[in-house]
Amino acid sequence: MKRTLPLALAFIFGLIGIAVQIVPALKGFLNTMLDWMAIIGSFALALGVSSLTRHHMTKIRRKHKDMFFSYVTFVTMLFMMIIGLIGYFQPESLYQRLFGNMYNYVRVPLDASMFALLAFFITSAAYRAFRARTWLATVLLVAGVVVMMGRVAFGPFMIFNDITAWLMKVPTTAAMRGLTIGIGLGIVATSIKIVLGIERSYLGGGE
Amino acid sequence: MLFWYTVAVLLSLAIFSFLWKDNPLYKFAEHLFVGTMVGYTIVMVFSQIIMRKIVDPITLAVHNHQYLNLISLIIATLIGLLYLSRFSQKAQWVSRYPISITVGFWSGYAIVTSFKTNILTQVRGTVVDDMGAPLLNGELLGDFIKSPSWSSLDLAVSGPLLVFGVIVVLIYFFFSIKNENPMVRFANKPALLYLMLGFGASFGYTFMGRISLFIGRMNFIFNEWWPLLKQTIGG
Amino acid sequence: MKTPWYEKIASVDKKILYVIMFVVVMIPLLAKWTYNPDVMDEVQDIYDEVEEIYAYNLANPDAPMGILFSFDYGPSTSAELDPMMMSVLRHAFLRKIPVVTWVAFVDSIDLGKRITNFIAKEYGAVYGEDFVFMGYPYPMTAAVVAFGSDVRKFLVKDFYGNVSTDLPLLNKIYNYKSIGLIVTVSGTSMPRFWVTYANTLYGKKIATGTTAVSAADFYPFLQTKQMIGMMGGLRGAAEYEKLVYELETELIGTDTEMYMQSVYKQNTVQKWDTKVFTPGYTEEELREHISTRMTARTGMASQAAAHFFVIFLIILANLGYFFKRRAENKR
C-alpha cells in the first residue's frame, strides 16, 4: 500500500503517458488526462504555498536578533494577501489597483535590482580571476573577449561581429550540441527509470 | 504616479547600497521583497489556480450539464485532495498516490518526444543541414580551391568542423575517464578546445546579460523617473 | 621598497571598480547616445516569419493565423526581455495579427498582463477580438499539449474570468492549426521545453527570445531549425526594435504620439473594456509609450561602454599577471 501501489500507479500512468502520445485514437482521453494533471498539480502548488507561508510564520515565532526584519516580511505578506484577495472579488477597485502598484513598483524593482547587483560581481570577478594561466584558459579568455567585442561592435570593430557570428555558428553549436545530446540521454533514461520503478527518490524517504 | 516611481527608485537604491556593505537598509528591502513575493504568490495561486483550474471547470460542467466530464473532474479533485495528508505525520504516505500519478504520467509522456528533440533531430543536424544537404561536402572544398574567398572558405570548412566538434565532444564526455584508447586520447585536446570556445563565448554573453540588468535599472532612474520628476515639478 | 605597478593593480579596491562601472554606464544614458545594430540572420528570420503570417492573413481573411506569445520570464530579467516582447508584440499588432498571450510562471502574471495591454492600447486593439490574455495556464506542459486539440476546453476561462467559448478570437484560434508562430521569451530553459512539446509533437515554428546568459545553449536548435530564429540578450532586442521602428515609420509615419492619440479620438463606440485598459493617454503615459520604443537601443550604448571598460580591465589584469610572473621567474 505504502510503496508498491504508488510504484504501480507510476508504471500504469507512465504507460498511459506513452500511449496517449503515440496513438491518435486516444486524443479524447489525452484531454481528460490533461485536466486530471492540471487539477492534481494545482493541489500540489497550493500545498507548496501553504508550506512556504508556514515557513515564514515559524521564522517569526523563533526569537532572534533580526526579528524586526521577519516582521517586515510577515506584514508585507499579509498586506499583499489581503488587498489581493479583496481586489480579486472587487475588480477595478482601489484594492486591485493598489495590489497592481505593489507588484509593479515594489516587487518588480526589488527583484530587478537584486539581479542587477550581479553586474558588479561579474566585473570584479572578470578582473580578478580571468587570467591566461594555461592554453585552455587563454582560449576561454580570447573567445570571451571576442564575443564581448562582437556583440557591441561598430565601425572599425565590425570584424569582431563576423568572428562572433562564426564562433556561435560552428564551435559553440558543436560544444552545446554535445551537451544537448547528453542532457537528452539523461532525461530519457530518468523517465524510463521512473516508469519502471527503478528511480524512486520522488516518493521521498520512509518505507 | 510620481509617488510609486519614487518608491521604486528608493528601493532600487536601497538594494544597491549592498555594494558598499551589508546594511539595515538593504536587509529591509530584501525582506520586503520576500514578503511581497510570497503574498503575491498566495493571491495568484488562489485566484488563478484554485479558482480557475479547479472551481471553474467544475461549475461550468454542472452549468452545461456535462455529467460525464463532471465525474472525471471530481475523481481528479479527490485524488488531488490526497495531498492534504501531508499535514498529518501518520498519513503522509497517502500523498504518494497523486505524486506518482503525475510524475509517472509526465515521465511517460516525455520519453519519445525528448528522445526525438534532443537526440534524433540533433544527430540528424550533424549529418545534414536544414535543407537536407550533407554537411561533409567535398565539392565545397573544390569550390574554395577554384575561387578562394572568405565566404567560400566558410562554406567549405564550417560543416566538417561542426561534425568533427560534435564527435570529439561526445567522445570526451562519455569516455574521457582514464581511458588509454588512442581514439579517446586523440579526441581529448580538440574536444577541450571546442568546449573552451563554447564556454568562452557563453561567458562573453553572460557578462553582457548581467550588465544589461544593471542598465535596465539605470534606464528606469534616468529615462523614466527623472523626466517624470521634472515634468511634475516643472508643470 | 616601492611596490611594483603590477602588485598595485592586483590589489585595487573593488569599490573603485564599482564606482567606475556606475559612471561608465551612466554617461551614455545621460548623453542619450543610441546604438544602431546590424541585424543578424537569426533575428531577421523571426521578423520575416511574422511578415509571412501577415501576407497569409491578407490572402485568407476568413481563417487568419495567430501568434502565441509566452512570457516565460520573471521581473528579474525584465531589463533584457521586456524590449524583445514589446517589439514583437508591436509588430504583430501593427500587422493586425491575432495575438494570444500567457505566462509560464506565477510570478509573471501581472507582468504579462501589463505588457500585453500596454502594447495593445497603442494600436487600439480590442480585447477578445484582436487579442486575449490567458493568464497562467498551470501546468505548462498540459497547456501546451492541450493547445494541440482545443485550448478552450483546458482553459475554460481567460484571465479576466470571461468564458473562453464566448471570446470571438478564441473561437477562431483555439488550436495549433491556426497558430502560425510561437514566440517564447525566456530567461530559463523554457525554449527547450517549447521545442520538445510544440515543435517536435506539433511541428510548430518556435521563435525564441532569450537572455544573453542562455543564448549559447540554444544555438544547436537554430542550426536544425527546431527554432526558426532567436533574439539573444539586449543586442537581439535592439535589432528587433530597430526593424519594428522602421516598419512603424513606414506605416504610420514618424509622429507616433499623434497616431496613438488619434486612435481614441473618435468616440463612436465604447468597444474598449476598461478592465483591460483605459482608452486615451495622460501626458506621462504618452512619454512612457514613446520612450519604450528606444529602450534597447539606448541601453546598447551603455552596454558597449561597459564592455570596452571590462575588456580594458581584463587586459590590464593579464598584463599585470604576465609581468609579475616574469619578475618572479627572474628571481
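Here are the numbers for the structure shown:
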quantity: Normalised convex hull volume, segment C:41-266, alpha-carbon set, Å³ per residue; calculated: 119
quantity: Reachable lysines from residue C:330, criterion Cα separation under 27 angstrom, eight or more residues apart if same chain; calculated: C:2, C:8
quantity: Reach of residue C:15 by Cα under 18 Å, taken over lysines that are not fewer than 8 positions away in the same chain; calculated: B:21
quantity: Longest to shortest principal axis, alpha-carbon extents of chain B, angstrom; calculated: 71, 66, 44
quantity: Hz values of 3J(HN,Hα) by residue in segment C:19-35 - Karplus curve (6.51, -1.76, 1.60), Gly and Pro given as x; calculated: 4, 4, 4, 3, 5, 4, 6, 6, 4, x, 5, 5, 7, 6, 6, 10, 10
quantity: Sites residue B:20 and residue C:290, calculated FRET efficiency, Cβ-Cβ separation with R0 45 Å, nearest 0.05; calculated: 0.80
quantity: Cross-link partners of residue C:121 among lysines (Cα-Cα below 24 Å; sequence separation of 8 or more within a chain); calculated: C:96, C:113, C:157, C:172, C:242, C:265, C:271, C:275
quantity: Sites residue C:316 and residue C:44, calculated FRET efficiency, Cβ-Cβ separation with R0 45 Å, nearest 0.05; calculated: 0.75
quantity: Spin-label pair residue B:177/residue A:98, simplified geometry with 7 Å Cα→Cβ offset, distance in nm; calculated: 5.9
quantity: Per-pair calculated FRET efficiency, R0 = 41 Å: residue A:5 and residue A:56 via Cβ, rounded to 0.05; calculated: 0.75
quantity: For segment C:41-266: relative contact order, % (alpha-carbon pairs under 8 angstrom, 6 or more apart); calculated: 26
quantity: Percentage relative contact order, chain B, counting C-alpha pairs under 8 Å, at least six apart; calculated: 14
quantity: Gyration tensor (alpha-carbon) shape descriptor, the protein assembly as shown, a/c threshold 1.5; calculated: rounded
quantity: Shape category assigned to segment C:198-261 from the gyration tensor of Cα positions, a/c cut at 1.5; calculated: prolate
quantity: Values of log10 I(q)/I(0), in the order q = 0.10, 0.14 Å⁻¹, for segment B:131-235 under a Debye, Cα-only, solvent-free model; calculated: -0.57, -0.78
quantity: Amide H contacts under 5 Å for residue C:127, placed H, 5+ residues apart; calculated: C:273
quantity: Two-site label geometry, residue A:200 and residue A:128: point separation in nm, points 7 Å out along Cα→Cβ; calculated: 4.6
quantity: Prolate/oblate/rounded call for segment A:77-200, Cα gyration tensor, a/c under 1.5 rounded; calculated: oblate
quantity: Two-site label geometry, residue A:82 and residue A:67: point separation in nm, points 7 Å out along Cα→Cβ; calculated: 2.2
quantity: Euclidean distance of C-alpha centroids, segment B:84-115 and segment C:148-170, integer Å; calculated: 28
quantity: Accessible surface ranking that places the most exposed of B:225, C:194, B:150 first, with a 1.4 angstrom probe; calculated: B:150, B:225, C:194
quantity: Amide hydrogen neighbours beyond the local backbone of residue B:128, cut-off 5 Å, H modeled; calculated: B:135
quantity: Label point at residue B:189 placed 7 Å out along Cα→Cβ; residues across segment A:120-160 whose backbone nitrogen lies under 14 Å; calculated: A:135-136
quantity: Listed pairs A:193/C:225; B:230/C:14; B:116/C:205 exceeding 22 Å between Cα atoms; calculated: A:193/C:225; B:230/C:14
quantity: Part-to-part distance (alpha-carbon centres) for segment A:122-139 and segment C:1-60, which is given in Å; calculated: 21
quantity: Karplus-derived HN-Hα couplings along segment C:205-215 (A = 6.51, B = -1.76, C = 1.60, θ = phi - 60°), whole Hz, x at Gly and Pro; calculated: 7, 10, 10, 10, x, 9, 5, 4, 4, 9, 3
quantity: Separation of alpha-carbon centers, segment C:246-303 and segment B:116-163, rounded to whole Å; calculated: 45
quantity: Chymotrypsin sites (Phe, Trp or Tyr not before Pro) within segment A:132-207: DSSP coil, no more than 15 neighbouring Cβ in 10 Å; calculated: A:154
quantity: Label-reachable residues, segment C:291-331, where backbone N falls under 16 Å from a point 7 Å from residue C:7's Cα toward its Cβ; calculated: C:320-331
quantity: Loop-located trypsin sites (Lys or Arg not before Pro) in segment B:24-95, at most 14 other Cβ atoms within 10 Å (DSSP); calculated: B:90
quantity: Backbone HN-Hα couplings from phi across segment B:185-200 [Karplus 6.51/-1.76/1.60, Hz, Gly and Pro as x]; calculated: 5, 5, 5, 3, 5, x, 4, 5, 4, 4, 4, 5, 4, x, 5, x
quantity: Cleavage-rule hits (trypsin sites (Lys or Arg not before Pro)) in segment C:1-65: DSSP loop, at most 16 neighbouring Cβ within 10 angstrom; calculated: C:2, C:32
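The values are calculated or read from the model by the stated rules, or taken from the named source; none is laboratory data. Remember, predicted model here, so these are calculated numbers, not experimental data. Ideal geometry is used to build each Cβ from the backbone, glycine not excepted, and the neighbour counts take in all protein chains shown. All accessible areas refer to the heavy atoms of the entire protein, side chains included, with ligands and DNA or RNA removed. Shrake-Rupley method; radii C 1.70, N 1.55, O 1.52, S 1.80 Å.
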